[in-house]
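The values are calculated or read from the model by the stated rules, or taken from the named source; none is laboratory data. Owing to the predicted nature of the structure, the values given are computational and were not obtained by experimental measurement. When we count neighbours, we look across all protein chains shown, and the Cβ atoms used for this are built from the backbone with ideal geometry, even at glycine. Only protein heavy atoms, including side chains, enter the accessible area calculation; ligands, DNA and RNA are left aside. Shrake-Rupley method; radii C 1.70, N 1.55, O 1.52, S 1.80 Å.
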Amino acid sequence: AMLMPPLLILTSSNRLVQNRLSTLQAWMSKTFTKQLMLPINFQGHKWASILLALTLMLLSLNLLGLLPYTFTPTTQLSMNMALAVPMWLSTVLIGMRNQPTISLGHLLPEGT
């Protein structure tokens, strides 16, 4: 589990045949992104890089907390709110822009 975040960090290379580490990185990021985007429609796939970066950061920070005498920043409410509020607000605003009637329909009581 501690080796997974460094393996997922993307590197770019213009070589056709890459070394084993970059091949493993590409395979891990492709597999992870495929699993993450499986229940989402094709329009939501543009969020893949943001969600992959966010997941890698959270995974790295939480694994850092397993080491003795270290502090996990995700225990603070300010860190969690700074990550959660912009993501939540962006999904709500994009939902309102793309499908306003369905989004506003969630605010009404059921059966009205």
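When S90, S49 are compared by accessible surface with a 1.4 Å probe, the order from highest to lowest is S49, S90. Calculate, for V85 and L59, the FRET efficiency according to 1/(1 + (r/R0)^6) with r their C-beta to C-beta distance and R0 22 Å; round to the nearest 0.05. Between V85 and L59 the formula returns 0.60.
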